[in-house]
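Okay, structure first, notes after.
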Amino acid sequence: MTDVAATHHGMSGPLLRGKLAAPSIPGHLMSRPFLFDRLNRATERRVTVLAAPAGWGKTLLLASWLDRAGPPNPAAWLTVDHGDVDPIRLWTYLLAAVRRAVAVPDDHPLTTLRPPQTPGPDLDMFPALLVNALGELPEPLVLVLDDVHELSHQPVLQGLEFLIQHAPPQLRLVLAGRFLPSLPIARLRVAGEVAEVRTADLAFTEEEAGALFTDADLALSADQVGVLRTRTEGWPAGLRLAAISLRDRADPAGFVAEFAGDDRVVAEYLMSEVLTRLDEDILNFLLRTSVCERMTGELAHALTGREDAARLLEDMARANTFTSVQEGWYRYHQLFADTLRLELRRRALTMVPELHRRAASWYAEHGLTREALHHSLSAADWLRVSDLMGTLWLRLFLDGEIASLRGLLERVPEEVIAADAELAAIRAATRLAGDDTDGAYLDIRLAEQSAANLPPERRHRFEAAMAMARLDRAQLTGDVAASRAAAGPLLDAPPSAHGTGLVSDDVRALARLRLGITEYWTGERARAERHLREGLSLARRAGREYIALGCLSQLAGVLTAQDRPTEAVRVAGQAAELAERRGWGQTAQMAEAWHALGWVHYLHNRLDEADQYLDRAEEAVRVGESAVRGTIRLVQGLVLTLRGNPHGALSLMEMAEDDVRRVAGTHVFAPYPRGETIRLLAAVGQRDRALELLRESLKADSVPVHLLVAQAELYLADDEPRGALEALGPALRGTAPGFLDQRLQAWVLAAVAHERLGDRDEAARTLEHALKLAEPEGLRQPFLRIGDAARGLLTRHASFLTTHPRFVNELLGAFGTVETSRARTVLSAVMPEPLSQRETELLHYLGSLLTVPEMAAQLYLSVNTVKAHLKSIYRKLGVSSRRQALIRARELGIL
């Protein structure tokens, strides 16, 4: 560096030019225009504070701002360092910076102004002279002081304080550093004369993080970028360090999944830039408190024994030592905390369990059970773990936090669970909620075998866990008797104002939900509705929204089974709104609501919407939920039937039959897929097989409408309208069990039969009755399902004195949409646009039970990317659902 000016006492050498100029800007530096705009607005005020820890890009931001989009006025730059503890040195450099930035005439005070050569009264008066000189500048000046955290000497701070408080209108100060030294800007802040840019403002967005990795020639998915951005909390240096570490990694996905503060590059940076600069006693304090994700001063005292723990935390937050505070709780930056824990293990591994025990005790004493459990697990304190798990699990279970509960249980050794009946029962309930039925049944037996070893004070909690597990098991198998036996003790016992907690409102709500589900699927619809409505009321009263969601979802299904589709849509809409608000759209609780919406849209001939809802239902349903899975496949098959794909529909009906057979009782929709299978077999030319199934099915004591409709269609296909009318008799008289859509089909088929017999008046009366039943709910599907015969009847009926003219016209229009859909099905058999390699890869996953998020994880793609690929696949195949895509791909030989 060459000399700039060195004429004053206290300066032992030439001024360093590097202190008087912003650092050069790397050519690849990311532009951040929104922060540039913010700085431009900020410097309209007297003081701008830019405070953040090391590596947050303060200096580069200011330098690039001045270089690319700075203020309209001149800007001076001074980088402060630890040598600027001498007021003479600081004022000399500051004057030099101002003179470099502003051209002043020879007679301007700044031309001759110099700080005194020795300490004393004259030097104390110098800030006033500087303020007066700056006040005579011809235009405003922005003065950037970088690294102001280096200023600690009191005379320097006093002079800078005077400059800030008495700054003339021409001066705009920008103070940048890791923290702001003791400068009194509180009054200016209240007066609105201080603008602040903090750590959160400097954090990289996901888009910026993605651009950083792209610039580094690293191909990461949006989800992987999101993980790194979350892990680093947007810390620019952390993201750049991750990019450096990724360059030589053969497994980027594995690195992203494991990236933490113990990564070598990150740890080395934090050690050199932060930890090595700390006093040893402060570092020891940080190491001991790093075992906690968050802490108060009191908790820090419990961990370290230091009486000044609260003050130390406050000082570190003020000094931006990767410490933040919110509502009295302090936390360390995630990567910083990881580095501290790594260093703690290196220095004092044996101390770690004791620190976790202290934290667990403090959290437990303050009623923070989840945190206490986390630290007890880390300390391997299994007695405390058992006690805390028994206290916490039901709340997590009732709130739908099954994944969290499962994660906690996975940290408990198998031998500990095997010896503890309560833990085994809790794990059984958790496994059943997560589709692991085999493991759950083993845990139930394990719990029953070791129950005698439980102390009396824990038995009521054990019974609660066992009741939840037995209720869920009964629901999955459709065993009403077992469900009532499990629910009975919970429903019949008096409310517990003082007691065990077994019969609190939330537990009662869950018991009613589970019982209502079992009753619904086994055909006891009135009882199911009553229990679900009671459960909903209790869940809302107890504030258990996850249980309320389950009650709403199942109630929507019950209402469809009671031929009340309008009510079902309203209730399903309430469930969807709650699920969207809480992020529960793809939980098992929502599967039945999505199915109900798919069913109603099918009834209204909105096939694309029906497919979308059914796809959502299929992604949400649990593996073991044979009852709801069977109904989803049933409706998917019905949609394919209307679309003119009988082979695909037949495949789905056969799967639906397999599903409903797994229910212990009689599935509420059991006859439906059998009736549709018979009709579809006839449609694809397998008439003998259709007749064989029909004869076998007609042996039942009570033949449902579904089978009578199938029988009538076979009669009409043989041109035997009288036989069809005879078969439909019980359906028309209302003595055969069935649903409204099938009863309507029976009336339409009867009208067709009368027409073929030449009795047009009776055909018209019969069709008019069908219209009367269908119009209130707008049911189009029963007419469309009969096909051209119904269309011909409706065309002629429109010219008679029907009391439903608008509905008849709507139905005739609906036939046109069905034809369009079928034409699309035929035309798409030849694909004008082939699938991409990634789309073909994704297509193979559609046949699995994986949800969209699970497919995304398997393919290392974001959920949004997978959804975009699915949309493209559906467009190219000419379909609108996952199931249709599989069927079409098999037809085309892609699969």
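Among the residues in region 301-323, are any hydroxyl-bearing (Ser, Thr, Tyr), more than 30 Å from Ala447 (Cα to Cα), in a helix (DSSP H, G or I) and in contact with a Phe, Trp or Tyr (Cβ under 9 Å, 6 or more places away or on another chain)? For region 301-323, residues hydroxyl-bearing (Ser, Thr, Tyr), more than 30 Å from Ala447 (Cα to Cα), in a helix (DSSP H, G or I) and in contact with a Phe, Trp or Tyr (Cβ under 9 Å, 6 or more places away or on another chain): present.
Here is a check on your reading of the model: is Trp599 in contact (Cβ under 8 Å) with a residue 24 or more places away in the chain and in contact with a Pro (Cβ under 9 Å, 6 or more places away or on another chain)?
Numbers: in contact (Cβ under 8 Å) with a residue 24 or more places away in the chain: yes; in contact with a Pro (Cβ under 9 Å, 6 or more places away or on another chain): yes.
Judged against the criteria, Trp599 is a match.
Quick one: count up the residues across region 380-391 that are among the hydrophobic types (A, V, I, L, M, F, W, C), in contact with a helix residue (DSSP H, G or I) (Cβ under 7 Å, 6 or more places away or on another chain) and either part of a helix (DSSP H, G or I) or open to solvent by less than 10 Å² (accessible area, probe 1.4 Å) (or both).
If we filter region 380-391 for residues that are among the hydrophobic types (A, V, I, L, M, F, W, C), which is where we start, we get 380, 382-383, 385, 388-389.
From the residues that got through so far, the ones that are in contact with a helix residue (DSSP H, G or I) (Cβ under 7 Å, 6 or more places away or on another chain) too are 380, 382, 385, 388-389.
Right, trim to either part of a helix (DSSP H, G or I) or open to solvent by less than 10 Å² (accessible area, probe 1.4 Å) (or both) and you get 382, 385, 388-389.
Counting residues in region 380-391 that are among the hydrophobic types (A, V, I, L, M, F, W, C), in contact with a helix residue (DSSP H, G or I) (Cβ under 7 Å, 6 or more places away or on another chain) and either part of a helix (DSSP H, G or I) or open to solvent by less than 10 Å² (accessible area, probe 1.4 Å) (or both) gives 4.
Considering only region 392-411, I want to know if a residue exists there that is surrounded by fewer than 20 Cβ atoms within 10 Å (Cβ to Cβ), over 30 Å from the mean Cα position of the chain (by Cα), modelled with pLDDT of 90 or more and not in a loop (DSSP other than H, G, I, E, B). Looking through region 392-411, none of the residues is surrounded by fewer than 20 Cβ atoms within 10 Å (Cβ to Cβ), over 30 Å from the mean Cα position of the chain (by Cα), modelled with pLDDT of 90 or more and not in a loop (DSSP other than H, G, I, E, B).
Counted as qualifying within region 502-619 are the helices (runs of 4 or more DSSP H) with 1 or more residues that are open to solvent by 10 Å² or more (accessible area, probe 1.4 Å) and either at pLDDT below 90 or among the hydrophobic types (A, V, I, L, M, F, W, C) (or both), namely 505-521, 525-542, 565-582, 591-603. Evaluating Gly439 against the criteria (1) surrounded by 18 or more Cβ atoms within 10 Å (Cβ to Cβ); (2) out of contact with any Leu (no Cβ under 6 Å at 6 or more places or on another chain) leaves one unmet condition, (1). Answer yes or no as to whether Gly648 is open to solvent by less than 20 Å² (accessible area, probe 1.4 Å), assigned to a helix (DSSP H, G or I) and in contact with an Asp or Glu (Cβ under 7 Å, 6 or more places away or on another chain). No; evaluated as a whole, the condition is false for this residue. If I filter region 298-308 down to residues being in contact (Cβ under 8 Å) with a residue 24 or more places away in the chain and open to solvent by less than 50 Å² (accessible area, probe 1.4 Å), which single residue comes out as nearest to Gly367 (Cα to Cα)? Per the stated criteria, the residue is Leu299. If I filter region 324-336 for residues that are more than 22 Å from Ala433 (Cβ to Cβ), open to solvent by less than 10 Å² (accessible area, probe 1.4 Å) and modelled with pLDDT of 90 or more, do I get at least one hit? The answer is no; no qualifying residue exists.
Would you call Val628 within 28 Å of the chain's Cα centre (by Cα) and either farther than 28 Å from Gly816 by Cβ or surrounded by fewer than 24 Cβ atoms within 10 Å (Cβ to Cβ) (or both)? Please lay out each step first, then the result.
Numbers: within 28 Å of the chain's Cα centre (by Cα): yes; either farther than 28 Å from Gly816 by Cβ or surrounded by fewer than 24 Cβ atoms within 10 Å (Cβ to Cβ) (or both): yes.
Criteria met by Val628.
When you go through Glu618, Glu625 one by one, which is the residue that is in contact (Cβ under 8 Å) with a residue 60 or more places away in the chain, farther than 22 Å from Arg525 by Cα and acidic (Asp, Glu)? One residue alone meets the criteria, Glu618. Helices (runs of 4 or more DSSP H) fully within region 49-167 that include at least 2 residues being of a type in the set (Lys, Arg): 58-68, 87-101.
Looking at region 222-294, the helices (runs of 4 or more DSSP H) lying wholly inside it that each contain 1 or more residues that are more than 26 Å from the chain's Cα centre (by Cα) and surrounded by fewer than 22 Cβ atoms within 10 Å (Cβ to Cβ) sit at 236-246, 264-273, 280-289. If you go through region 141-183 and keep only what is surrounded by 18 or more Cβ atoms within 10 Å (Cβ to Cβ) and over 19 Å from Asp81 (Cβ atoms), you end up with Leu141, Val142, Ile164, Ala167, Leu171, Arg172. Across region 184-197, which residue is modelled with the highest pLDDT among those that are in a loop (DSSP other than H, G, I, E, B) and surrounded by fewer than 19 Cβ atoms within 10 Å (Cβ to Cβ)? Result: Glu193.
Considering region 413-428, the residues that are within 31 Å of the chain's Cα centre (by Cα) and open to solvent by 10 Å² or more (accessible area, probe 1.4 Å) include one that is nearest to Ser376 (Cα to Cα), namely Pro413. Against the condition in contact with a Leu (Cβ under 9 Å, 6 or more places away or on another chain) and either charged (D, E, K, R) or part of a helix (DSSP H, G or I) (or both), how does Ala209 come out, does it pass? Spelling it out, Ala209 is indeed in contact with a Leu (Cβ under 9 Å, 6 or more places away or on another chain) and either charged (D, E, K, R) or part of a helix (DSSP H, G or I) (or both). Among the residues of region 809-832, the ones that are at pLDDT 55 or above and either part of a helix (DSSP H, G or I) or touching a Ser or Thr at 6+ places or on another chain (Cβ under 9 Å) (or both) come to 11 in all. Apart from one condition, Ala22 fits all of (1) part of a loop (DSSP other than H, G, I, E, B); (2) touching a Lys or Arg at 6+ places or on another chain (Cβ under 9 Å); (3) at pLDDT 85 or above; the exception is (2). If only residues of region 29-58 that are open to solvent by less than 40 Å² (accessible area, probe 1.4 Å) and of a type in the set (S, T, N, Q) are counted, the one that is modelled with the highest pLDDT is Thr48. Annotation: Leu202 fulfils all but one of (1) modelled with pLDDT of 85 or more; (2) open to solvent by 10 Å² or more (accessible area, probe 1.4 Å); (3) under 26 Å from Val274 (Cβ atoms); the unmet one is (2). Residues that are within 23 Å of Gly192 (Cβ to Cβ) and open to solvent by less than 50 Å² (accessible area, probe 1.4 Å) are absent from region 83-101.
The values are calculated or read from the model by the stated rules, or taken from the named source; none is laboratory data. What you see is a predicted model; the values in this text were computed from it and never measured. Neighbour counts are summed over all protein chains in view; Cβ atoms, including those assigned to glycine, are modelled from backbone coordinates with ideal geometry. Heavy atoms of the whole protein, side chains included, go into the accessibility calculation; ligands, DNA and RNA do not. Shrake-Rupley method; radii C 1.70, N 1.55, O 1.52, S 1.80 Å.
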